[in-house]
1. Quick one: which of 109, 101 is among the small types (Gly, Ala, Ser), in a strand (DSSP E or B) and in contact (Cβ under 8 Å) with a residue 40 or more places away in the chain?
2. Only one of these is surrounded by fewer than 13 Cβ atoms within 10 Å (Cβ to Cβ) and modelled with pLDDT under 95: 17, 25. Name it.
3. Just to be sure, is residue 1 part of a loop (DSSP other than H, G, I, E, B), open to solvent by 60 Å² or more (accessible area, probe 1.4 Å), at pLDDT below 95 and of a type in the set (S, T, N, Q)?
4. Looking only at the range 16-57, count how many residues are of a type outside the set (A, V, I, L, M, F, W, C), more than 20 Å from residue 86 (Cα to Cα) and assigned to a strand (DSSP E or B).
5. Going by the structure shown, is residue 48 open to solvent by 20 Å² or more (accessible area, probe 1.4 Å) and either in contact with a Lys or Arg (Cβ under 8 Å, 6 or more places away or on another chain) or farther than 22 Å from residue 121 by Cβ (or both)?
6. Restricting to the range 64-81, name every residue that is under 23 Å from residue 13 (Cα atoms) and open to solvent by less than 60 Å² (accessible area, probe 1.4 Å).
7. Hey, can you tell me all the residues within the range 101-122 that are surrounded by 14 or more Cβ atoms within 10 Å (Cβ to Cβ) and modelled with pLDDT under 95?
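The values are calculated or read from the model by the stated rules, or taken from the named source; none is laboratory data. This structure is a prediction, so every number in the text was calculated from the model and none was measured. For neighbour counting, all protein chains shown are included, and Cβ atoms are generated from backbone atoms with ideal geometry for every residue, glycine included. Ligands, DNA and RNA are excluded from the accessible area calculation, which covers all protein heavy atoms including side chains. Shrake-Rupley method; radii C 1.70, N 1.55, O 1.52, S 1.80 Å.
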Amino acid sequence: QVQLVESGGGLVQAGGSLRLSCAASGRTFSSYAMGWFRQAPGKEREFVAAISWSGGSTDYADSVKGRFTISRDNAKNTVYLQMNSLKPEDTGVYYCASYYSGSYYGAVSNYWGQGTQVTVSS
């Protein structure tokens, strides 16, 4: 059974920073691409960022490019999302998820975390 546990969310003022973490267990973490997604109130869940199994490739939604950085530490079975220059529209529940393969060009698996709330005040 795969478990993904997010942490690091909170309340921050616009322009501030947060670092989210997603700790994985129960699977060969280093073999799979990982992604971050978010869901704002009343909106559908959307893609934020993804990273390949090795960390050598990353991808970002246009709305966060230049402000967010995804990274991973395979020795710690953890993926991170550094969020800088936060905006009120970044508010939402942030989820991490595993992909079915080492590349994020494939499908996202059914393994999701429970989410962590990020609230950015104006």
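1. Going through 109, 101 in turn, just one is among the small types (Gly, Ala, Ser), in a strand (DSSP E or B) and in contact (Cβ under 8 Å) with a residue 40 or more places away in the chain: 109.
2. Details: 17 fails: modelled with pLDDT under 95.
Of the residues listed, the single one that is surrounded by fewer than 13 Cβ atoms within 10 Å (Cβ to Cβ) and modelled with pLDDT under 95 is 25.
3. On the way: part of a loop (DSSP other than H, G, I, E, B): yes; open to solvent by 60 Å² or more (accessible area, probe 1.4 Å): yes; at pLDDT below 95: yes; of a type in the set (S, T, N, Q): yes.
Here the answer is yes, as residue 1 does meet what is asked.
4. Final tally of qualifying residues: 1.
5. Numbers: open to solvent by 20 Å² or more (accessible area, probe 1.4 Å): no; either in contact with a Lys or Arg (Cβ under 8 Å, 6 or more places away or on another chain) or farther than 22 Å from residue 121 by Cβ (or both): yes.
No; evaluated as a whole, the condition is false for this residue.
6. Just the residues of the range 64-81 that are under 23 Å from residue 13 (Cα atoms), to begin with: 64-70, 80-81.
Scanning the range 64-81 gives 64, 67, 68, 70, 80, 81.
7. Once the filter is applied, which keeps residues that are surrounded by 14 or more Cβ atoms within 10 Å (Cβ to Cβ) and modelled with pLDDT under 95, the range 101-122 yields 101, 102, 104, 108, 109, 111.
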